[in-house]
Amino acid sequence: MSRSPEAASPEAALPLAPRNPLTFVERLRAVRDTHTGQATLRDAGGNVTRVTLGPKWLSPPIILVTSPSGARDVLARHNESCDRTAVHRELRHLMGDNLADLPHQPWLSRKRTLQPMFTQHYVRGFAAHMSQAAAMVADGWHAEAEVDLDEGCRRLTLRALGRAALGMDLDERADEIAEPLKIALSYVTDRGVRPVRAPRWLPTPARRRARAAHATMHSLARDVLQSCRADPERDAPLVRALMAATDPVTGRGLSDEDICNDLVAFIVAGHDTTATTLAFALWALGHHIDFQDRVAEEALALGAHELTAKDIPRLGFTAQVVQEAMRLCPPVPVAGRTAMQDIDVDGYRIEAGSMVLVGLYGLHSDPKIWPDPLVFDPGRFTADGATRRDRWAFLPFGGGPRSCIGDQFAMLEATLAIATIVRTIELRSQDDDFPVAAPFTTVAAAPVLSKVRARSGGTS
């Protein structure tokens with residue numbers, strides 16, 4: 001007698017992920033509070049918990065995963081059995097095909113095409129632009145008694161990205177990025193998590209605003225691409241690489257529409273997320289003067305020259321500061337997938353169709369993994385600490401095949417920027433809490449104020 005497909009499945013014998021015991025209102029509030037809500041759901045329901053917000057036909061169950069082994073199961077072991085979520089589908093519908101939102105099969109080709117331009121060797125060539133952008137921001141802060149760290153770090157990352165990768169000064173076009181980006185990503189996330197959505201053909205005010213916001217950003221990308229095509233001498237390494245890129249398997253290159261879509265995605269990732277990491281790190285150093293002085297001492301020991309990629313091996317503590325900032329304030333709050341078939345995650349069965357969210361806030365703040373998890377302590381990231389910890393306990397760039405392609409760029413920029421700023425500037429943070437919002441990526445929800453002054457004995 002043959003077994004049914006379900007009986008034959010190894011997952012069939014496993015229990016379903018436990019249903020979260022919070023009330024409906026508490027669950028809804030925690031899901032909408034994308035970052036801090038993860039700890040609430042984890043503490044109530046465990047490291048793998050099923051969050052229901054309605055009947056399956058209306059709202060698929062959400063499975064929140066906050067254990068290292070569960071994260072590995074979702075992001076690596078079952079990578080080919082999981083695909084993008086409703087949020088990613090909304091992103092793709094609004095912003096077109098790009099590396100961040102493509103489903104699995106077309107993503108494979110795009111990843112092969114783009115990977116060579118994000119190797120460590122290639123990214124190190126951007127270091128001078130990164131250090132120069134940080135120095136320009138620090139120079140501007142010498143004359144100010146109080147600054148907004150978030151605003152300054154956004155200027156820094158825009159300047160570095162524009163000059164290092166796009167061959168232009170994005171300072172003058174910041175208005176075409178910041179507000180449109182906020183509008184577009186908030187719209188995408190809101191639609192992606194709603195159980196009931198207005199049909200896409202309905203011209204709602206929110207949809208009109210989102211389309212206008214994307215059109216503004218896409219126009220900027222198109223201008224950059226057209227300028228490069230018109231001027232072969234224009235120094236725009238990332239755009240040139242996109243123009244020349246081909247899939248090594250198929251030999252197929254990127255269309256102009258593909259290039260523009262990926263440029264918008266890279267602007268989002270290279271500006272938005274790194275700016276928040278920098279702002280959080282500087283805010284934390286403004287409260288921990290002993291750590292700030294260690295960063296300054298480390299950077300000043302290198303001399304007065306412009307910092308480069310060759311200095312990174314001697315900026316070990318500064319890199320630990322960056323890592324601790326990303327632990328407490330991950331660049332994205334979750335790594336989301338849709339289970340395309342039943343899968344096993346950390347000993348539980350996850351049903352096909354479930355939205356599976358690896359909660360990075362919940363993972364990075366679990367007291368079973370991180371002693372005193374809410375305390376800022378760069379010492380967690382010494383070589384010895386990293387060796388003793390499960391490698392899947394810290395996932396600032398996600399994990400598995402679909403981890404962030406720009407991780408080398410982000411770590412290089414953040415480490416050089418913090419060292420460059422802190423060796424010349426003393427910071428005293430004014431706010432007790434860092435204001436966080438997570439419309440899609442993690443951002444500062446309000447100005448992050450700090451008193452600044454020139455560091456005694458610092459370089460200039």
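Could the peptides 132-141, 297-306 be put in order, highest first, of the mean number of other beta-carbon atoms found within 10 Å of their residues?
Ranked from most to least packed, the peptides come out as 132-141, 297-306.
With every atom except the alpha carbons ignored, what do you get for Rg and Dmax of segment 117-226, in angstroms?
Answer for segment 117-226, Rg first and Dmax second: 17.7, 52 Å.
What nm distance separates the two modelled labels at Ser219 and Leu58, each placed 7 Å from Cα along Cα→Cβ?
So the label points at Ser219 and Leu58 sit 4.1 nm apart.
Might you report the magnitude of the Cβ-based charge dipole of the chain about its Cα centre, with Lys and Arg at +1 and Asp and Glu at -1, to the nearest 20 debye?
On the way: 53 positive and 56 negative charges, 277 e Å.
Approximately 1340 debye in magnitude.
May I ask you to work out the translational diffusion coefficient for the chain at 37 °C, viscosity 0.692 mPa s, via Stokes-Einstein with Rh from the Kirkwood sum over Cα pairs, reported in whole µm²/s?
Values: Rh = 23.0 Å.
My calculation gives 142 µm²/s for D.
With an 8 Å Cα cut-off and a minimum separation of 6 or more residues, compute the relative contact order for the chain in percent.
26
Viscosity 1.567 mPa s, temperature 4 °C: what is the translational diffusion coefficient of segment 34-147 from Stokes-Einstein with a Kirkwood Rh over Cα pairs, rounded to a whole number of µm²/s?
Translational diffusion coefficient: 70 µm²/s.
Towards the positive end of the charge dipole of segment 5-454, with charges on Cβ (+1 Lys, Arg; -1 Asp, Glu), say which of Val375, Met243, Leu302 has the farthest Cα.
Met243
Work out, in µm²/s and without decimals, the Stokes-Einstein translational diffusion coefficient of segment 372-421 at 4 °C, 1.567 mPa s, Rh from Kirkwood over C-alpha pairs.
100
Which of the trypsin sites (Lys or Arg not before Pro) found in segment 16-85 are loop residues per DSSP with 16 or fewer other Cβ atoms within 10 Å of their Cβ?
Qualifying residues, ordered by number: Lys56.
Using θ = phi - 60° and the Karplus relation 6.51 cos²θ - 1.76 cosθ + 1.60, list the HN-Hα couplings for segment 315-324 in order, rounded to whole Hz, with x at every Gly or Pro.
10, x, 5, 4, 5, 5, 4, 4, 5, 5
If you count the DSSP beta bridges with both ends in segment 5-454, what percent of them are antiparallel, to the nearest 5? Before the final figure, lay out the partial values.
Numbers: 25 of 32 bridges.
Once the DSSP bridges in segment 5-454 are tallied, antiparallel ones form about 80 percent.
What is the spin-label model distance, in nm, from Arg194 to Glu80 if the labels are put 7 Å beyond Cα along the C-beta direction?
The modelled label-to-label distance comes out at 3.7 nm.
Restricting to Cα pairs below 8 Å that are 6+ residues apart, what does the relative contact order work out to for segment 89-193? Please round to a whole percent.
29
Just subtract the alpha-carbon distance of Thr204 and Ser255 from 0.36 nm times their residue separation and send over the number in nm, one decimal.
Details: separation 51, 0.36 × 51 = 18.36 nm, distance 3.07 nm.
Full extension of this stretch gives 15.3 nm more.
Taking the Cα centre of the chain as the origin and placing charges on Cβ (Lys, Arg +1; Asp, Glu -1), which of Ile63, Gly353, Val322 is farthest toward the positive end of the dipole?
The residue sitting most towards the positive pole is Gly353.
If packing is taken as the average number of other Cβ atoms within 10 Å across a peptide's residues, how do 93-99, 201-207 rank, most packed first?
On the way: 93-99: 19.3, 201-207: 10.4.
Per-residue mean Cβ counts within 10 Å order the peptides as 93-99, 201-207.
Run the numbers for Asp169 and Arg19: contour at 0.36 nm per residue of separation, minus the present Cα-Cα distance, in nm. Walk me through the intermediate numbers first.
Values: separation 150, 0.36 × 150 = 54.00 nm, distance 5.08 nm.
Answer, rounded to one decimal: 48.9 nm.
Separation between the Asp431 and Arg389 pseudo-spin-labels, each 7 Å from Cα along Cα→Cβ, expressed in nm?
2.5
I need the calculated FRET efficiency for the pair Ala12 and Leu449, taking r as the beta carbon distance and R₀ as 41 Å, to the nearest 0.05. Present the calculation step by step, with values, prior to reporting the outcome.
Details: r = 56 Å, r/R0 = 1.35.
Computed FRET efficiency for Ala12 and Leu449: 0.15.
Take segment 42-97, drop everything but the C-alpha atoms, weight them equally and run the Debye formula without solvent; then report log10 I(q)/I(0) at 0.23, 0.24, 0.27 Å⁻¹ to two decimals.
With no solvent term, the Cα-only Debye profile gives -1.05, -1.06, -1.08.
Just to verify a number: FRET efficiency for His305 and His93, C-beta to C-beta distance, R0 = 51 Å, to 0.05?
0.60
Throughout, read-outs are computed from the coordinates displayed, never taken from laboratory work. No experiment lies behind these values; they were computed from the predicted model shown. Here Cβ is always computed from backbone atoms with ideal geometry, including for glycine, and neighbour counts include all displayed protein chains.
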